[in-house]
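*Asks:* Below is the structure I would like to discuss, written out as structure tokens.
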Amino acid sequence: MSAPVCLRGWAPPERGPPRRSMAAPRAPESIYNLLPRLEERPVKPPRYVSTFRPSVKHEIEKSKAQWKTMGPAKVEVPSPKNFLQKHSKEPKLPERKKEQDSRKMPALSVPRKTDHPLMGIQSKKNFINANAVAAIMGLAKKPQPIYVDRRQGDKHLLETSGLVPKYVKKKDYGIIPKYVTQRNKEIKRAQKEHEAYVLESLRKRAMKRLSDEERSSLLQGLKKNWEEVHHEFQGLSVYIDTIPKKMHKEKLESQMKQLEHDIDVIEKHEVIYIANE
């Protein structure tokens, strides 16, 4: 039996349809392809122009001025003579009118050079006695009230400082204003209406008001009961070791607290209503 032989580079034949080459197909060779050819450019059609273009352009120019977007066509250049001068922005007095210039100043009563003064005129008035009588009969000048607000001695008028109570000299000083009296009347009327409403509601609920005698007797009875309970509480033993003793002590304490609360309520309120049985 012969041994198998291995051949290098040998492969078994492929089965199936033959493979196609992946290279692109080439044009057939021709001698005419060697000649240079001119590049042909596509011809552009004429640009579209609207028939309404002149009318639209005319309307735009009609409604639009030259200086609305880009400014005026011609701008005046500022003159170098119109520079900012000193004191040109300060307020100036109005010019003097001609009427004021035309007015003439009144003539001064100055004695002339040729005038002579009157001589020999004497008065019979006794100025010494007149001054003495005026000083005796005249009222003394009152000093003006002032106040000083600094240590340096700065003086100010007291009348304009707000420290003088001028309002007391008014005609309506101390009189109650009308709106206050009106408000007080409204408050009293509202209070009476409230009291009437409370009485009516109590009458509808069949409430009875305790008289002073009943209130005092009720208060005395509560205080007497509190003394009895307190006396019993003080009689308890010091050492409480059973449950009944603890319960009895707690019961007496609750009774005393309730009685104290009732006594406090009756003492605070003078008017007490109770329901009729």
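Conditions (1) free of Cβ contacts under 8 Å to residues at least 40 places away in the same chain; (2) surrounded by 10 or more Cβ atoms within 10 Å (Cβ to Cβ); (3) in a helix (DSSP H, G or I), marked per residue:
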site: 200; (1), (2), (3): yes, yes, yes
site: 208; (1), (2), (3): no, yes, no
site: 218; (1), (2), (3): no, yes, yes
site: 224; (1), (2), (3): yes, yes, yes
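*Asks:* OK, next. Specify which of the listed residues (45, 13, 36, 28) is open to solvent by 100 Å² or more (accessible area, probe 1.4 Å) and at pLDDT below 60. It would help to see each step written out before you state the result.
*Replies:* On the way: 45 fails: at pLDDT below 60; 36 fails: at pLDDT below 60; 28 fails: at pLDDT below 60.
Sole residue among the options that is open to solvent by 100 Å² or more (accessible area, probe 1.4 Å) and at pLDDT below 60: 13.
*Asks:* Does residue 122 fit the bill of being of a type in the set (S, T, N, Q) and surrounded by fewer than 10 Cβ atoms within 10 Å (Cβ to Cβ)? I'd like the intermediate steps shown before the answer.
*Replies:* On the way: of a type in the set (S, T, N, Q): yes; surrounded by fewer than 10 Cβ atoms within 10 Å (Cβ to Cβ): yes.
Criteria met by residue 122.
*Asks:* I would also like to ask the following. Considering only the range 226-254, state which residues are open to solvent by less than 70 Å² (accessible area, probe 1.4 Å) and of a type in the set (S, T, N, Q).
*Replies:* 237, 242, 254
*Asks:* If I ask for residues that are among the β-branched types (Val, Ile, Thr), more than 37 Å from the chain's Cα centre (by Cα) and open to solvent by 100 Å² or more (accessible area, probe 1.4 Å), which ones from the range 146-174 would you list?
*Replies:* Of everything in the range 146-174, nothing turns out to be among the β-branched types (Val, Ile, Thr), more than 37 Å from the chain's Cα centre (by Cα) and open to solvent by 100 Å² or more (accessible area, probe 1.4 Å).
*Asks:* Answer yes or no: is there a residue in the range 177-195 that is in contact with a Ser or Thr (Cβ under 7 Å, 6 or more places away or on another chain) and modelled with pLDDT of 85 or more. Walk me through how you get there before you give the answer.
*Replies:* From the range 177-195, those in contact with a Ser or Thr (Cβ under 7 Å, 6 or more places away or on another chain) are none; that's our starting set.
Scanning the range 177-195, I find no residue that is in contact with a Ser or Thr (Cβ under 7 Å, 6 or more places away or on another chain) and modelled with pLDDT of 85 or more, so the answer is no.
*Asks:* Taking the stated definitions as given, is residue 198 outside the structural domain of residue 258 (by TED's automatic domain parsing), more than 28 Å from residue 265 (Cα to Cα) and among the hydrophobic types (A, V, I, L, M, F, W, C)? Steps first, answer last, please.
*Replies:* Details: outside the structural domain of residue 258 (by TED's automatic domain parsing): yes; more than 28 Å from residue 265 (Cα to Cα): no; among the hydrophobic types (A, V, I, L, M, F, W, C): yes.
No, not satisfied.
Rundown of residues vs (1) at positive phi; (2) in a loop (DSSP other than H, G, I, E, B), yes/no style:
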site: 120; (1), (2): yes, yes
site: 124; (1), (2): no, yes
site: 128; (1), (2): no, no
site: 131; (1), (2): no, no
site: 139; (1), (2): no, yes
site: 144; (1), (2): no, yes
site: 151; (1), (2): no, yes
site: 156; (1), (2): no, no
site: 160; (1), (2): no, no
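*Asks:* Evaluate the following for residue 244: is it over 59 Å from the mean Cα position of the chain (by Cα) and without any contact (Cβ under 8 Å) to a residue 60 or more places away in the chain?
*Replies:* On the way: over 59 Å from the mean Cα position of the chain (by Cα): yes; without any contact (Cβ under 8 Å) to a residue 60 or more places away in the chain: yes.
The answer is yes for residue 244.
*Asks:* Residue 240 fails exactly one of the following numbered conditions: (1) part of a helix (DSSP H, G or I); (2) modelled with pLDDT under 85. What is the number of that condition?
*Replies:* Every condition holds for residue 240 apart from (1).
The values are calculated or read from the model by the stated rules, or taken from the named source; none is laboratory data. Model, not experiment: these values are computed from the prediction. Cβ sites come from the backbone with ideal geometry, for glycine too, and all protein chains shown count toward neighbours. Quick note on the areas: whole protein, heavy atoms, side chains included, nothing else; ligands and nucleic acids left out. Shrake-Rupley method; radii C 1.70, N 1.55, O 1.52, S 1.80 Å.
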